[in-house]
Amino acid sequence: MVDARLAEERGFSEAARLRLKEELSGDIDVLRREMAMMYVDSFGAELECAYDEVPSLVEGVSAPLVVSVATYGPRAAYSAPMLQSLLRQSFRPDAVLLWIPRGDFPLGLANLPVGVLHSIKALGAKIVWVDEDLGPHNKYYHVMQLLPQATVVTFDDDTLYPADHIQRLVEGGRRHPGCVIAARTHVMGFSKDGSVANYLDWEEEQSRIVDSPNRLLVPTGVGGVLYPSKCLDGGVFDSEAIRELCLHADDMWLKVMSALAGTEVVDIGGGFELLHAEGTQENSLYHENKDAGGNDRQLSAIIEFLERKGRLSGFLEWMKGGSADE
């Protein structure tokens, strides 16, 4: 920045200033990596966990509570504020896991900023490098298979959570055992012909149906979601279907799979103020899924998949057994 300002004062051309800016950015990246390597040399063993070692993190706990977060490439650098919000939680989980695609970080921990590494260490979280990268599905897909007895609380990597958030989700789970517990939900709508309505026609961020199990509620992952053990249909782990149908719409896939398992949803109420970490929304799936119709396309693909599997009528009948007029 200093070099760029000096170049401007000395009358350098725009092209020259851009070159200086690029050089400075490169120097900063090198310095950041050197600092990260120093940090890794000191604390690396405390920050990582091999995939098959995850069960050992909760060894001896019969029904562990595990917080699970997925991040990727450019977003990982901005995950420190979210991790710090988890550090301030009043309720401490048995384990916190951060799933990161190995292919996004060829240098491993050295690719992550020191601030992120420090936040991971302070939280006592573990990074698990993912070889089978399923995008946002990483936050549940791996941990639920490795720890089928666990209650899993998923969080998004770009959101700041209130200090009592995990506690409120856990208390909701105690009041409504076996239900999916969420802090932010939509109400799924249906068209006159009985088919699922377009996503934009659903009742978004509803606050009418609170602290009561309901079939029509659709949790949104950004608000944090608690999944009790075995609350999802076994088909949830069909990675081929995920890649083909809904790689970027984990909320839609999880809702359908919970419905197929006969699991209702509870909204804990109280409102959820959506606060995003700075610098995270440029690469957000929100714009693709809502503004560009991604949710509708991927949900339609899931519906067609259910029809091919002979499970659509059962899904629709079960969903319509709920009521949005509570």
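The values are calculated or read from the model by the stated rules, or taken from the named source; none is laboratory data. All of these numbers come straight from a predicted model, not from anything done at the bench. We place every Cβ from the backbone using ideal geometry, glycine too, and count neighbours over all the protein chains shown. Surface accessibility is based on the protein's heavy atoms, side chains included, excluding ligands, DNA and RNA. Shrake-Rupley method; radii C 1.70, N 1.55, O 1.52, S 1.80 Å.
Within the stretch 41-53, the presence of at least one residue that is at pLDDT below 80, open to solvent by 40 Å² or more (accessible area, probe 1.4 Å) and hydroxyl-bearing (S, T, Y) is confirmed. Mind checking which residues of the stretch 166-216 are among the small types (G, A, S), touching a strand residue (DSSP E or B) at 6+ places or on another chain (Cβ under 9 Å) and open to solvent by less than 60 Å² (accessible area, probe 1.4 Å)? Within the stretch 166-216, G172, G173, A182, A183, G189, A197, S212 meet the criteria. For the stretch 217-234, check the following and say yes or no: at least one residue is part of a helix (DSSP H, G or I) and surrounded by fewer than 18 Cβ atoms within 10 Å (Cβ to Cβ). Scanning the stretch 217-234 turns up at least one residue that is part of a helix (DSSP H, G or I) and surrounded by fewer than 18 Cβ atoms within 10 Å (Cβ to Cβ). Taking the stretch 66-103 as the range and being under 13 Å from the mean Cα position of the chain (by Cα) and not in a strand (DSSP E or B) as the test, the residues that pass are T71, Y72, R75, A76, S79, M82, L83. When residues in the stretch 122-134 are screened for being open to solvent by 30 Å² or more (accessible area, probe 1.4 Å) and either touching a Cys at 6+ places or on another chain (Cβ under 6 Å) or closer than 15 Å to R92 by Cα (or both), 3 of them pass.
For the stretch 60-78, a tally of residues being over 16 Å from G173 (Cβ atoms), in contact with a helix residue (DSSP H, G or I) (Cβ under 9 Å, 6 or more places away or on another chain) and not hydroxyl-bearing (S, T, Y) returns 7.
Conditions tested, residue by residue: (1) of a type outside the set (K, R); (2) free of Cβ contacts under 8 Å to residues at least 60 places away in the same chain; (3) on the phi > 0 side of the Ramachandran plot.
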position	(1), (2), (3)
G60	yes, yes, yes
T71	yes, no, no
L83	yes, yes, no
Q89	yes, no, no
D94	yes, yes, no
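Exactly one residue out of I181, I242 is in a helix (DSSP H, G or I) and under 20 Å from the mean Cα position of the chain (by Cα), and it is I242. Taking the listed residues Q149, Q206, Q167, the one that is of a type in the set (S, T, N, Q), within 20 Å of M257 (Cα to Cα) and either in contact with a helix residue (DSSP H, G or I) (Cβ under 8 Å, 6 or more places away or on another chain) or not in a strand (DSSP E or B) (or both) is Q149, with no other qualifying.
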